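All remarks here apply to the structure that follows.
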Amino acid sequence: MDLSYTPEQQAFRAEVRAWLEAHVPAEPLEHFDATREGFEAHREWERTLKSGDWGMVTWPKEYGGRGLDLIEWLIFEEEYYRAGAPGRVNQNGIFLLGPTLIEFGTPEQKQRFLPPMASGEEIWAQAWSEPQAGSDLAGVRATAVRDGDDYVLNGHKIWSSRAVFADWAFGLFREPESERHKGMSLIFFPLDAPGVTVNAIRKINGHVGFAEIFLEDVRVPAFNRLGDEGQGWHICMATAGFERGLMLRSPARYQVAAAALAGLWQDHKQDADPVLEADVVRAFMNADAYALSIYQTASRLMAGAKIGPEASTNKIFWSELDIHLHQTALSILGPKAELVAPPGEHDWLDDYIFALAGPIYAGSNEIQRNIIAERMLGLPR
């Protein structure tokens, strides 16, 4: 693998850096899960990104992108995190649903949904999990019944990210009485449609990052089904590949955090346990190792490969890297870690609490290890 950047890639990096330096807000935005005001401030940031055509750089130009390749996306992500730019409130749309739409959607669906997704005009929530179907998506019970040119949706979704303030959700629904992996379809529905009830679920920090959604005879056009009827499981596995293996957690996120950890160590090493230096080095090396792995994955995809079960190895690696990195930070800080971080400063404790969810969301790590054992190593069930 050639690890050097071409002159064109270096020029692109300079362009991204200059634009971000000119446009990233001087003060951090309120978290998008904290309040409606914080959410809308991040929506406005998405519009600002679109003004420079940075909404999702890998998408075709006609759908609001720049038509760039995955290496350029990784470069963009590196500069984005380096600049301390706001979190992407529409990550469920641009990183998960968007690539899936590009692969499975009709031209009409792409034209309808992708441009407002790239511009932040429509923010998306993910509505897969149910009270009895978390990592086991094949167990979903929410139903979709065809009625002429419409579907009638009924069911109960939970742990739906961004659903409290979002505009749309993409959900997995099954034909009544169908068997587990069969008879399921991926269907979009507006969160303000008649029959939709959204109840906020507050996290430990008070933010409303999740919601449960009740659907009672919710009518949506069949146009809102992605792919063929009954193809939902196959499509969702493609989306999960993007989520676990490439788009959701770009390497730059962890490289910037590892660099901050190294700075934290330098500031506190006189008072901290010397053995923690090895953990700082390990976190830094693991962040770089993850970056190299993702560059390799991107190169393979650009050569025509598909994301396969190896996405599960990536998911386990970044989620456990995240926990170890933040555990090390808390150990360095000691009791000071429990103090409220001043505005604008790195909140290691809050980030640690979020990291603890990493082995659960995007498919629990226990399930990912089963996938690796069965599909990569060929072990019996």
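Please report the spacing between the Cα centers of region 161-211 and region 89-152 in Å, no decimals.
Region 161-211 and region 89-152 have Cα centres separated by 9 Å.
Are there GluC sites (Glu not before Pro) in region 329-370 that DSSP marks as loop and that have at most 16 other Cβ atoms within 10 Å, and which are they?
When the GluC sites (Glu not before Pro) of region 329-370 are filtered for loop state and at most 16 Cβ neighbours within 10 Å, Glu345 remain.
Measure off 7 Å from each Cα along the Cα-to-Cβ vector at Gln132 and Ile201, then give the distance between these two points in nanometres to one decimal.
The answer from the label model is 1.7 nm.
Return an integer: the convex hull volume of the alpha-carbon atoms of the chain, in Å³ per residue.
Given the Cα convex hull of the chain, per-residue volume reads 151 Å³.
Report the accessible area of Met285, computed with a 1.4 Å probe over the heavy atoms of all protein chains in place, in Å² rounded to the nearest 10.
120
Sticking with the crude label model, points 7 Å out along Cα→Cβ, report the distance from Ile353 to Ala305 in nm, one decimal please.
Result: 3.9 nm between the two label points.
Let me know the shape class of region 24-146, please: from the alpha-carbon gyration tensor, a ≥ b ≥ c as square roots of the eigenvalues, rounded when a/c is under 1.5, otherwise prolate if a/b is greater than b/c, or oblate.
oblate
So for the pair Arg369, Asp273, with labels modelled 7 Å out along Cα→Cβ, what separation do we get in nm?
It works out to 2.4 nm between the two label points.
What lysines does Lys203 reach when the alpha-carbon gap must be under 27 Å and sequence neighbours fewer than 8 apart in one chain are set aside?
Hits, sequence-local ones excluded: Lys157, Lys315, Lys336.
Need one word for region 184-298: rounded, prolate or oblate. Basis is the Cα gyration tensor (sqrt eigenvalues a ≥ b ≥ c); a/c below 1.5 gives rounded, then a/b vs b/c decides.
oblate
With a Förster radius of 25 Å, plug the Cβ-Cβ distance of Glu103 and Ala14 into 1/(1 + (r/R0)^6) and report the FRET value to the nearest 0.05.
0.20
Counting other Cβ atoms within 10 Å, keep those with at most 15, restrict to DSSP loop, and tell me which GluC sites (Glu not before Pro) in region 147-253 are left.
Counting only loop positions with at most 15 other Cβ atoms within 10 Å, the GluC sites (Glu not before Pro) in region 147-253 are Glu177, Glu179, Glu229.
Pick from Ile294, Ile71, Ile204: which residue has the top mean-square fluctuation in a GNM of the chain where Cα pairs under 10 Å get a spring?
Greatest mean-square fluctuation among the candidates belongs to Ile204.
Could you give the size of the charge dipole of region 80-204 about its Cα centre, using +1 on the Cβ of each K and R and -1 on the Cβ of each D and E, expressed in debye and rounded to the nearest 20?
About 600 debye.
Between Gln231 and Lys61, 0.36 nm times their residue separation minus their Cα-Cα distance comes to what?
Contour length minus Cα-Cα distance gives 58.4 nm.
Please compute P(r) over all alpha-carbon pairs of region 7-89, binned at 5 Å starting from zero, and give each bin as a whole-number percent.
Here the calculated profile for region 7-89 is 3, 14, 24, 25, 18, 10, 4, 1, 0.
If you take the Cα Rg of region 200-243 and divide it by 2.2 N^0.38 Å, with N the number of residues, what do you get?
1.64
Can you list the HN-Hα couplings for region 87-95, worked out from phi with the Karplus curve (6.51, -1.76, 1.60; θ = phi - 60°), rounded to whole Hz and with x for Gly and Pro?
Karplus values, whole Hz, x for Gly and Pro: x, 8, 5, 9, 4, 4, x, 6, 9.
Ignoring ligands, DNA and RNA, what percent of the 1.4 Å accessible area of the chain is carbon and sulfur?
Result for the chain: 53 percent of the exposed heavy-atom area is carbon or sulfur.
If you take the charge dipole of region 249-376 about its Cα centre, with +1 on Lys and Arg Cβ and -1 on Asp and Glu Cβ, which of Ser250, His268, Asn370 is farthest toward its positive end?
Farthest along the dipole direction, towards plus: Asn370.
If R0 is 30 Å, what FRET efficiency do you get for Lys182 and Asp150 from their C-beta distance, rounded to 0.05?
Plugging the Cβ-Cβ distance into 1/(1 + (r/R0)^6) gives 0.85.
In square angstrom, what is the accessible area per residue of the chain with a 1.4 angstrom probe?
46
Amide H to amide H under 5 Å from Ile201: which residues, 5+ apart in sequence or cross-chain, H placed 1.01 Å off N in plane?
Phe210, Ala211, Glu212
Can you give me the orientation-averaged projected area of the convex hull built on the Cα atoms of region 222-377, in nm²?
Here the figure is 12.3 nm², rounded to one decimal.
The values are calculated or read from the model by the stated rules, or taken from the named source; none is laboratory data. Bear in mind the structure is a predicted one, so any value in this text is a computation, not a measurement. Note: ideal-geometry Cβ built from the backbone for every residue, glycine included; neighbour counts use all protein chains shown. Side chains included, ligands, DNA and RNA excluded: accessible areas come from the protein's heavy atoms. Shrake-Rupley method; radii C 1.70, N 1.55, O 1.52, S 1.80 Å.
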